[in-house]
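Asker: Handing you a structure now.
The values are calculated or read from the model by the stated rules, or taken from the named source; none is laboratory data. All of these numbers come straight from a predicted model, not from anything done at the bench. FYI the Cβ positions are ideal-geometry reconstructions off the backbone, even for glycines, and counts take in every protein chain you see. Surface accessibility is based on the protein's heavy atoms, side chains included, excluding ligands, DNA and RNA. Shrake-Rupley method; radii C 1.70, N 1.55, O 1.52, S 1.80 Å.
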Amino acid sequence: MTELSRRQFLARAGLAAGSSSLASLLALGLDPTTLRAATVPLGWKLERTKVVPSVCPYCAVGCGQLLHVRDGKLINVEGNPDSPISRGNLCPKGAASFQLTVNPDRQTKCLHRKPGSTDWEPIELEHAMDLIAQRVKQTRDQTFQPTATIEGRTVTVNHTLAIASLGGATLDNEWNYAQAKLWRGLGGVFLENQARI
């Protein structure tokens with residue numbers, strides 16, 4: 001009987017444990033081939049689709065995506081294996097970006113609740129944008145402070161503390177940049193976006 005070094009013992013024990021675990025999973029019906037077949041898009045689903053390379057809309061990482069489009073409708077979203085950033089992988093948000101465009105529960109109209117009302121009513125996007133611009137300007141004009149007294153000294157602040165900007169996870173870097181420039185130009189101090197990856 002040959003003596004095993006500690007390293008050889010651990011290597012053989014690890015191999016035995018791994019083999020045992022794999023055999024157990026296969027016995028339970030968790031065959032990797034079946035799993036892969038269930039998670040990879042079926043060929044017939046992607047037939048006659050135009051593949052459009054894109055970038056995930058969610059965070060600043062910029063993972064590559066392949067969008068499969070048929071008859072003007074999005075059919076499938078998957079990671080782009082040619083992307084030097086993600087190499088075909090997508091995080092859960094990126095993998096779920098298909099729902100960003102096709103979810104039947106996605107809100108597609110602007111809703112407005114008039115002062116004193118309890119009901120929301122649909123309005124046109126242009127009208128909603130006009131209402132927002134009008135209220136931002138009115139609030140800024142009423143609350144803008146060019147100077148403030150801090151510890152007995154008058155200092156230039158050029159800000160308004162009456163309004164804030166809160167972003168969301170679907171904003172891309174370009175929009176975040178433009179929004180930050182606009183908000184700071186208006187004198188807005190409170191500028192926040194949802195956390196990224």
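Asker: Would you confirm, using the coordinates I've provided, whether Glu174 is in contact with a Ser or Thr (Cβ under 8 Å, 6 or more places away or on another chain) and closer than 30 Å to Gly64 by Cβ?
Answerer: no
Asker: List, please: which pairs have Cβ atoms under 6 Å, are six or more places apart or on different chains, and start with a residue in segment 118-145 that is among the basic types (Lys, Arg) and end with one that is open to solvent by less than 70 Å² (accessible area, probe 1.4 Å)?
Answerer: Partner pairs satisfying both residue conditions: Arg140/Thr160; Arg140/Leu186.
Asker: Report, by residue number, each residue of segment 149-189 that is part of a strand (DSSP E or B), open to solvent by 50 Å² or more (accessible area, probe 1.4 Å) and within 17 Å of Arg135 (Cβ to Cβ).
Answerer: Leu161, Ala162, Ala164, Leu166
Asker: Can you tell me how many residues within segment 128-148 are in a helix (DSSP H, G or I) and either touching an Asp or Glu at 6+ places or on another chain (Cβ under 9 Å) or hydrophobic (A, V, I, L, M, F, W, C) (or both)?
Answerer: Within segment 128-148, residues that are in a helix (DSSP H, G or I) and either touching an Asp or Glu at 6+ places or on another chain (Cβ under 9 Å) or hydrophobic (A, V, I, L, M, F, W, C) (or both) number 6.
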